[in-house]
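Worksheet: the structure to be examined is printed underneath.
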Amino acid sequence: MVTYDGMTAEALASSLALPNVVVLDEVPSTMDAAAELAEAGAPAGTLVLADAQLSGRGRAGRRWESPKGEGIWLTLLERLNDTEALDVLSLRIGMRVAGALDRFCPSPVGLKWPNDIYLSGRKLGGLLVESRWRGQRPEWTAIGVGINVRGTGHPGGAALGPDISRLEVLGELVPRIRAAASARGRLTRRELSDFGARDVAIGRACREPSVGRVAGIAADGALLIETVSGVRRVVEGSLVLDDA
């Protein structure tokens, strides 16, 4: 039987108050495993955990290194019906995840639009949100989270530390991810303020997706960039800082 740091899937489901947990030793991608479960009718709150991902991915198909036992590689399945909330879900989850990780870090956890998690100027983790639509409504949403805990497969990346318990981190992460997924509508003023306080890019020059200076985010999740012709709104793509 595959366990996760000594806990069975059943014990994890009970501890995390989830209807279903699937624990895997190695998997190409927890996102793909969760998608298969979703198509088979798995309920909202189904969690897929892997000790290692062989083909973990981030946005735009970028590879995410997921060494065995070194981090938390998870996908949580939800079934959402608020399209406005879905537009900002990655940002909303990022704020909740950052708040959950603060207790394990020597300094506040930072965020970079649209889905990067930073610690002391180095990348600590990332998020990926994918949905399957049926007509005009989402049928299911897979929320992928990768956090470097004991080490990192990325040169120059950050990790929480070798003595940090993955189970303790999971206990903080999962309820907050679910709370973010249950929130409705666009980002509130409080959320915009919270993101701004953690935004590692605000005020910095950028070269992608547009040349200018990062001015923050909007309530609908758009990135705001000050350019020579005014403020530009960007709703997709990656943010590349000029000094990165």
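The values are calculated or read from the model by the stated rules, or taken from the named source; none is laboratory data. Please read these numbers as outputs of a predicted model, since none were measured by experiment. Heads up, the Cβs are rebuilt from the backbone with ideal geometry, glycines too, and the neighbour counts pull from every protein chain shown.
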Of the candidates 198, 176, 186, 204, the one satisfying the condition of being under 18 Å from residue 84 (Cα atoms), in contact (Cβ under 8 Å) with a residue 24 or more places away in the chain and surrounded by 15 or more Cβ atoms within 10 Å (Cβ to Cβ) is 186
Looking at 69, 99, which is the one that is surrounded by fewer than 22 Cβ atoms within 10 Å (Cβ to Cβ) and within 27 Å of residue 204 (Cβ to Cβ)? 99
Return the residues of the stretch 120-166 that are buried (at least 21 other Cβ atoms within 10 Å of the Cβ) and without any contact (Cβ under 8 Å) to a residue 40 or more places away in the chain; say none if nothing qualifies. 124, 127
For residue 213, which of the numbered conditions (1) over 19 Å from the mean Cα position of the chain (by Cα); (2) loosely packed, with under 13 Cβ neighbours inside 10 Å; (3) among the charged types (D, E, K, R) fails to hold? (2)
Residue 147 vs. criteria modelled with pLDDT of 95 or more and assigned to a strand (DSSP E or B): yes
Any idea how many residues of the stretch 197-244 are within 16 Å of residue 110 (Cβ to Cβ) and part of a loop (DSSP other than H, G, I, E, B)? 8
